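**Student:** Can you keep this structure in mind? I'll have questions shortly.
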Amino acid sequence: MILLGTSDADIARAGRAIREGLLVAIPTETVYGLGANALDPRALARVFEAKDRPRFDPLILHVAEPSQADGIAFFPDGPARSLAGAFWPGPLTLVLPKRGHIPDLATSGLATVAVRCPAHDVARAVIRAAGVPVAAPSANPFGRLSPTRAEHVAGQLGNRVDFIVDGGQCSIGVESTVLDCSESPPLVLRPGGLSLERLRSVAPDIEVFDRTGESPRAPGQFPSHYAPLAPLHLVDRGSLADVVPAEGAVALTFGAACHEAVRAAGRFRELRCLSEAGDPLEAAARLFDVLHGLDAAGATEIWAERLPDAGLGLAVNDRLRKASKR
Ligand code: TXA
Ligand code: MG
């Protein structure tokens, strides 16, 4: 693996490598992606192999300019076009009817394709330099913690990628919101970096995938995901101070009041606060970094409490819930 910076020469090198079929981890505003030439089935096969990802879990295709999405997908009638106009570049992935030349491996044989234009200068520059759409799942082994720093990628996939472009820390810290616009009304398949409130300000009829029912529209809805090495227990808001953890457990708190109550109860060896101010944006930005830190420190048990289900709290709760299922 070769670590690259963000100089023009390094970006050109990263783009060329992608075009030639190599695997290049790139920073985005959400998490680091494992980038590959989306038009090259052999490069796509390497992505699935590097991540140990099942082939039935399709990839997101990244473009440098919103207008390039038209080369990959059709925009059906409905709000897809206005949503792209309002939120691209940004942490929104649209699932749309795909164009014929997109390899089946990218979409797991589905008639739809997931497309995103990231709001990250380095990501967009690399995609532009590659000259092709870039398939990029999060740059972590399947089911494990997503990377929000180049070090996380190097630690988890270092010997399985050709290059890592180090663009510093990801500002949003949770993956994009995945919105299926191939049918009406649009359906949120994965809550993420763009809040439901903001999406509904443009398309009020948007619905959220109900995880209690099985749905063929949601191929990547695995119950367990984003998991740290230590078991993680998720409890209701306000109840973290009452749990009786194993010896040596770590508490993930949210908000100063919660933090103080848990500290006063005195049952945890260590406390990590996701946001003193109780800000879900800050909690999202820190979540994976804190969990990677606990993995590295050899934590044996983690307890967290749910955030309020508003704004990015929905995405943080989704990641915590999946981390707690193993
Ligand atoms: O923020 C992000 O979205 C990051 C950065 C790198 O852009 N990427 C990312 O990719 O999170 P990944 O592969 O970890 O998650 C992609 C999700 C999966 O849950 C997958 O099942 C879903 O998008 N997906 C992809 N194509 C789909 C399709 N055609 N229909 C439904 N879901 C799809
Ligand atoms: Mg992922």
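**Student:** Considering only region 88-122, state which residues are closer than 29 Å to D166 by Cβ and either open to solvent by 40 Å² or more (accessible area, probe 1.4 Å) or not assigned by TED's automatic domain parsing to the domain that holds S138 (or both).
**Tutor:** Hits for region 88-122 are P89, A119, D121.
**Student:** Among the candidates G71, G85, G78, which residue alone is modelled with pLDDT under 95, more than 14 Å from ligand 1 (Cβ to nearest atom), open to solvent by 10 Å² or more (accessible area, probe 1.4 Å) and assigned by TED's automatic domain parsing to the domain that holds T148?
**Tutor:** Just a single option satisfies the conditions, and that option is G78.
**Student:** Of A261, A246, which residue is not assigned by TED's automatic domain parsing to the domain that holds G85 and not in a loop (DSSP other than H, G, I, E, B)?
**Tutor:** Exactly one residue qualifies, and that residue is A261.
**Student:** Taking region 117-145 on its own, how many of its residues are within 10 Å of ligand 1 (Cβ to nearest atom) and within 13 Å of L59 (Cβ to Cβ)?
**Tutor:** The number of residues fulfilling the criteria is 7.
**Student:** When you go through (1) surrounded by 22 or more Cβ atoms within 10 Å (Cβ to Cβ); (2) within 16 Å of ligand 2 (Cβ to nearest atom) one by one for D52, which number turns out not to apply?
**Tutor:** (1)
**Student:** Do any residues in region 93-111 that are outside any strand (DSSP E or B) have Cβ atoms under 9 Å from those of residues that are hydroxyl-bearing (S, T, Y), where the two are at least six apart or on different chains, and which pairs are they?
**Tutor:** So the pair list comes out as A111/S182.
**Student:** Kindly establish whether P185 is in the same structural domain as R16 (by TED's automatic domain parsing) and either within 12 Å of ligand 1 (Cβ to nearest atom) or in a loop (DSSP other than H, G, I, E, B) (or both).
**Tutor:** Yes.
**Student:** In the list L287, L274, L307, L234, which residue meets the criterion of being closer than 28 Å to A139 by Cβ, out of contact with any His (no Cβ under 6 Å at 6 or more places or on another chain) and surrounded by fewer than 22 Cβ atoms within 10 Å (Cβ to Cβ)?
**Tutor:** When all the criteria are applied, what remains is L234.
The values are calculated or read from the model by the stated rules, or taken from the named source; none is laboratory data. All figures in this text were calculated on a predicted structure; none of them were measured in a lab. Cβ atoms come from the backbone with ideal geometry, glycine included; neighbour counts cover every protein chain shown. Heavy atoms of the whole protein, side chains included, go into the accessibility calculation; ligands, DNA and RNA do not. Shrake-Rupley method; radii C 1.70, N 1.55, O 1.52, S 1.80 Å.
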